[in-house]
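> Let me begin by handing over the structure; questions about it come next.
What follows is calculated from the coordinates using simple rules that are stated; it is not laboratory data. None of these values were measured; they are calculated from a predicted model. Quick reminder, even Gly has a Cβ in these numbers, built from the backbone with ideal geometry, and neighbours come from all protein chains shown.
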Amino acid sequence: HGTSTINDYGHLQVGGCDTTDLVERFGTPLYVMDEALIRQRCREYVEAFRETGLKFQVAYASKAFCVMAMCRLVEEEGMSLDIVSDGELYTALQAGFPAERIHFHGNNKTPMEIEMAIDAGIGCFVVDNLVELHMLNAIAGQKRQRVNILFRITPGVEAHTHEYISTGQTDSKFGLDLDNGSAYHAIEEATKLPYIKLLGVHSHIGSQIFEVQGFQMAVDKVIGFAAKVRDELKVVFSVINLGGGFGIRYVEGDTPLPISQYVKAIAESISSNFSRYDYPTPEIWVEPGRSIVGDSGTTLYTVGTHKDIPGVRKYVAVDGGMTDNPRPALYQSRYEAMLANRATEKEEELVSIAGKCCESGDMLIWDVTLPEVQSGDILAVSCTGAYNYAMASNYNRIRRPAVVFVNNGEAEVVVERESYENIVGNDRIPARMKQTTK
Ligand code: LLP
């Protein structure tokens, strides 16, 4: 992947850094992010859109990996940022991210979050439902500030993906339904509200999608709707946001398209469909998360114990697990791994990689072939850049790992490893108990 290579010592090297050196400097588990590859992915989107000649915005879906260094990188690449909470907003603002390029998502934004976002002057709210619409208008009114919005609609398209992460179908907690009239009604409402400026609609059909058909079907539904809304309500959309969901290759058999092909297919389907309805081509916005950071991440672990059950399975345990990567336990996601310190050795042993949490489901990989694994080996799991650090927890009071950016042979910490102080930092012992303790 990317700038990963094997060096003369037979060690895995990422971004020009020997992974065994990284382990010595920073310890394990360690998230290593290949900065050049992240930037390359950003540029693939931006350049592919530039070639279409259409107006566009690429907003990085920060939920995939939201830390200040990442927000700064996205800013440098000239992209926008999709956030879904006050915490992500705070992170972006602390990193100096320009508020006008921030889009705020979510199906239950609190009044406090809305206020914080209006005060910061963010570029756009993606409004999920009518309750939010009226609350937003009221808060914006108190502040005498008109806000830009998109409506999140559910186009009724189901993408080929794991059911827990599909969001495009009708029975979903997200968005306003196109087919049952809720989206239409919301637009009627919005035109009556003085502090709301409607730019267009948003649809997100799922995640880790390999085909373009789902996006094309969504565009089809959206344009039909846009034409109806124009004819009957005299509202013209200037923006169509197609969300994220572009897939990446985790393991053999995953067959994502190159980013440029997703972009091309979407752009073509928008231009041709809208011109068919004699509708001015709107700006296209997208919100990729996984496909920006997913394949840039490698997690390094130290191998500890093992348990060999003859004729059944050999479990090899590492010093992390579901606390730093909950995806296998949550979604049965699959990953590839290698021994970073013996990267050229022949693979001869079928093992399963276990985490260290007190829970049988804490398995990182079922069945992977590796050189005969020993205690102290460094295991590298690839494609851990998206929804790993972002979803990490302190289960079992395990400290979350550090994150380093590597680039051109240099490594810099962008998130420090958590300390024991961090672990107990918010704990308080009630006064009554203090008195009874010696
Ligand atoms: N836009 C919206 C409105 C979304 O809900 C999402 C992801 C994205 C953009 C970015 O999607 P991406 O390009 O990253 O696929 N935790 C799950 C993934 C949940 C995705 C939720 N929404 C996982 O680890 O697979």
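> Kirkwood hydrodynamic radius, computed over distinct alpha-carbon pairs, for the stretch 359-438: how many Å, to one decimal? Could the numbers behind the result be given before it?
Values: mean 1/r = 0.0594 Å⁻¹.
By the Kirkwood definition, the hydrodynamic radius is 16.8 Å.
> With the chain treated as a Gaussian network of Cα nodes joined by springs under 10 Å, which of S333, S296, S360 yields the largest mean-square fluctuation?
Judging by the Gaussian network model, the answer is S360.
> In degrees between 0 and 90, to the nearest 10, how far off the longest principal axis of the chain does helix 259-276 point, with axes built from Cα atoms?
For helix 259-276, the angle is close to 10 degrees.
> What are the ³J(HN,Hα) couplings of the stretch 383-391, residue after residue, when phi is run through the Karplus curve with 6.51, -1.76, 1.60 and θ = phi - 60°? Round to Hz, x for glycine and proline.
Values, residue by residue: 6, 9, x, 10, 6, 10, 3, 4, 10 Hz.
> Sticking with this structure for a sec: In debye, nearest 20, what is the charge dipole magnitude of the stretch 35-291 about its Cα centre with +1 on Lys and Arg Cβ and -1 on Asp and Glu Cβ, if you could check?
On the way: 24 positive and 33 negative charges, 119 e Å.
Computed about the Cα centre, the dipole is about 580 debye.
> Here's another thing I want to ask about it. Which of the GluC sites (Glu not before Pro) found in the stretch 270-367 are in a DSSP loop and have at most 11 neighbouring Cβ atoms, other than their own, within 10 Å?
Numbers: sites: E283, E336, E345, E347, E348, E349, E359; in loops: E336, E345, E347, E348, E359.
Qualifying residues, ordered by number: E348.
> Now for a different question. Mean projection of the alpha-carbon convex hull of the stretch 35-291 over all orientations, in nm²? Let's see the in-between values first.
Working: hull surface 51.5 nm².
Quarter of the Cα hull surface area: 12.9 nm².
> Test of understanding: given the chain, find the longest segment containing no chymotrypsin sites (Phe, Trp or Tyr not before Pro) that are in a DSSP loop and have at most 15 other Cβ atoms within 10 Å. Walk me through the numbers on the way to the answer.
Details: sites that count: Y9, Y277.
Value returned for the longest uninterrupted segment is 10-276.
> Can you list the residues, at least 5 places off or on another chain, whose amide H is less than 5 Å from the amide H of N241, using H built in the peptide plane?
When sequence neighbours closer than 5 places are left aside, the close amide H contacts are V201, H202, S203, W285.
> Right, here's the next one. What ratio of Cα Rg to 2.2 N^0.38 Å holds for the chain? Before the final figure, lay out each step's value.
On the way: Rg = 23.6 Å, N = 438, 2.2 N^0.38 = 22.2 Å.
The value comes to 1.06.
> Past 31 Å, Cα to Cα, is the threshold; run K63/K143; K109/K192; K173/K307; K63/K434; K173/K228; K173/K356 against it and keep the listed order. The partial results should precede the final answer.
Values: K63/K143 28 Å; K109/K192 22 Å; K173/K307 43 Å; K63/K434 40 Å; K173/K228 25 Å; K173/K356 34 Å.
From the list (K63/K143; K109/K192; K173/K307; K63/K434; K173/K228; K173/K356), the Cα-Cα distance tops 31 Å for K173/K307; K63/K434; K173/K356.
> Which log10 I(q)/I(0) values, to two decimals, does the stretch 174-229 give at q = 0.15, 0.19, 0.31 Å⁻¹ under the Debye formula with one point per Cα?
Log10 I(q)/I(0), no solvent term: -0.51, -0.76, -1.38.
> While we're looking at this one, here's another question. Aspartates and glutamates near K346 by alpha-carbon distance under 14 Å, same-chain residues fewer than 8 away left out - which ones?
By straight Cα distance, K346 reaches E372.
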